[in-house]
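Presented below is the structure to which this report refers.
The values are calculated or read from the model by the stated rules, or taken from the named source; none is laboratory data. This one's a predicted model, so the numbers in the text were calculated from it and none came from an experiment. For neighbour counting, all protein chains shown are included, and Cβ atoms are generated from backbone atoms with ideal geometry for every residue, glycine included. Ligands, DNA and RNA are stripped out before the accessible areas are found, and what is left, the full protein with its side chains, is counted by its heavy atoms. Shrake-Rupley method; radii C 1.70, N 1.55, O 1.52, S 1.80 Å.
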Amino acid sequence: MPLPFLTADRDLDLDTPAADSAALPHDEPDHWRRPYRPGPWRVGAAAVFLLLASFVLISAMIIALAGSLAGAAACAVLGAVLIALAVRLLRVGVWVSAHGLRQVNLLRTATEPWSAIGAVRTRQQPVRWLGLPRTVQGQSLIIERTQGEPLRPLITDHNGDFLSRPEAFERAADVLEAWAAEYRD
């Protein structure tokens, strides 16, 4: 039984007449949204961090009951850092709104207004495999600015969201190109 309200793909249902009239089937373009679902590698890594955080927080509770409050505080802080890391890992990716394009990384976020973006296109080039130093030949979505050097690749077909999901990469690239075509002018 399909449950379309649980997936991000419900917005891309092309069988409805409303989808033919609008290039971007979103109700509120002013809100920041990710135009694709997080991939299984990213979700799995965040789940591992949350599992590790639960063990660390249980350890903090046991240490606190044993009487060492300094050790319990250190474990609680480590658990909180692991939870923050897992949440931030899930937020990593490309976010779009009518205001511009936002590239969220683990430690920093860069936002570009649509007026500063010159072109959005897919290019064949060596890409990093799951963000590791190893590179493989693949596709990446490149954003060229109107002034200055281009942004580093926004999404690739070998990152944590699209590894072994080429149709999801193509769909996300098409949606990002549609957002750029709609709001860049």
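Tabulated values for the structure
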item: Count - residues of the range 110-131 that are more than 15 Å from ALA173 (Cβ to Cβ) and of a type outside the set (A, V, I, L, M, F, W, C); result: 8
item: Enumeration of residues in the range 33-65 that are open to solvent by 80 Å² or more (accessible area, probe 1.4 Å) and either modelled with pLDDT under 55 or over 24 Å from LEU163 (Cβ atoms) (or both); result: PHE55, ILE58, MET61, ILE62, LEU65
item: Qualifying strands (runs of 3 or more DSSP E) (wholly inside the range 87-185; at least 1 residues being open to solvent by 60 Å² or more (accessible area, probe 1.4 Å) and touching a residue at least 60 places away in the same chain (Cβ under 8 Å)); result: 100-104
item: Among the residues listed as LEU57, LEU89, the single one being within 23 Å of ASN159 (Cβ to Cβ) and hydrophobic (A, V, I, L, M, F, W, C); result: LEU89
item: Members of the range 68-84 that are part of a helix (DSSP H, G or I) and farther than 18 Å from VAL48 by Cα; result: LEU69, ALA70, GLY71, ALA72, ALA73, ALA74
item: Where ALA73 falls short, out of the listed (1) surrounded by fewer than 18 Cβ atoms within 10 Å (Cβ to Cβ); (2) touching a Leu at 6+ places or on another chain (Cβ under 7 Å); result: (2)
